[in-house]
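Structure, as structure tokens:
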Amino acid sequence: MLTIGVLLLCLGTVIAQFPRECTTSEALQNKNCCPLFKGSPCGATFGRGTCQIVPQSRAKPTDRVTVDDRMDWPIFFYNTTCRCYGNYDGANCGHCRSSWNGSDCSTRLNIQRREFRQYTEVERTEFIAKLNYCKALPCTEYVILTSGDRRYKDTFKFRDASYYDIFVHAHYYASKPIMGVNVDYNFAYGSSGFLTWRRRALHFFEHLMRICTGDDMFVSPYGDWRSDSGCFFCNDENMGDSDSQGVLSQFSVFSSWGVSIEYF
């Protein structure tokens, strides 16, 4: 089975992306990433979470690795991050975990993941429209690291991106080879943690989409093509048709999408 949509890296409490409040010179120098929720770090005043020191539990990089910020995320950038209580979630504990909502995140939602063919035509149109909308809408909570020598904090450069591009960049950020001499290994896809990373990635994708659309019930469908000879949703009415060379049809809504973020 294949889950529809680009997935992304989600490790640690800041989910391998950079909360906007944590990219100031002061935050980077102090290595502190405890964003405010209604004026309170991690929503501590409201019992949502607390600002805690990140435990250094992962193995140290080997001699082959020179510098790679993902080897012990997020300690390379931050020593303190938010630890959310109960069903609270997000960089500042200002949101609810997947399948929960309400002012105190105590209401359980009955969210069912369905196969794409089970969607009505209206539901398919709405799903694609939401993807298209979040591709254009700037994300208010996260920014992306686009350049800089990661050994020196004063060279970091961040920029805004849409909700969709935030998780596209995170997917790239997770899957690019580690930094080192003669090292070319993809830990996102080539490690024993692939399945758990993929699952958590899906949850973060849906988390961003729910913030973007305001739809707490948003869920990504899946496509089961075990008995199919082709791709049943690869047409211009759905995810887009393509020619024999794999070029996306100009009549697909996704043909107007472009790459709007820099990679480093």
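The values are calculated or read from the model by the stated rules, or taken from the named source; none is laboratory data. Note that the coordinates shown come from a computational prediction; the quantities given were computed from them, not determined experimentally. Glycine gets a Cβ as well: all are built from the backbone with ideal geometry, and neighbour counts include every protein chain shown. We work out accessible area using only protein heavy atoms, side chains counted, and drop any ligands, DNA or RNA first. Shrake-Rupley method; radii C 1.70, N 1.55, O 1.52, S 1.80 Å.
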Percentage relative contact order, region 60-146, counting C-alpha pairs under 8 Å, at least six apart:
11
Please work out whether region 195-239 counts as rounded, prolate or oblate from its C-alpha gyration tensor, where a ≥ b ≥ c are the square roots of the eigenvalues and a/c under 1.5 means rounded, while otherwise a/b larger than b/c means prolate and anything else oblate?
oblate
Working with all protein chains in place, sort 130, 38, 135 by solvent-accessible area computed with a 1.4 Å probe, largest first.
38, 130, 135
Under 20 Å from the Cα of residue 157 - lysines, other chains or at least 8 residues apart
31, 176
Starting from the Cα gyration tensor of region 105-174, take the square roots of the eigenvalues, sort them a ≥ b ≥ c, and report rounded, prolate or oblate (rounded when a/c is under 1.5, otherwise prolate if a/b is larger than b/c, else oblate).
prolate
Net charge near residue 98, counting Lys/Arg +1 and Asp/Glu -1 over other residues with Cβ under 14 Å of its Cβ?
+2
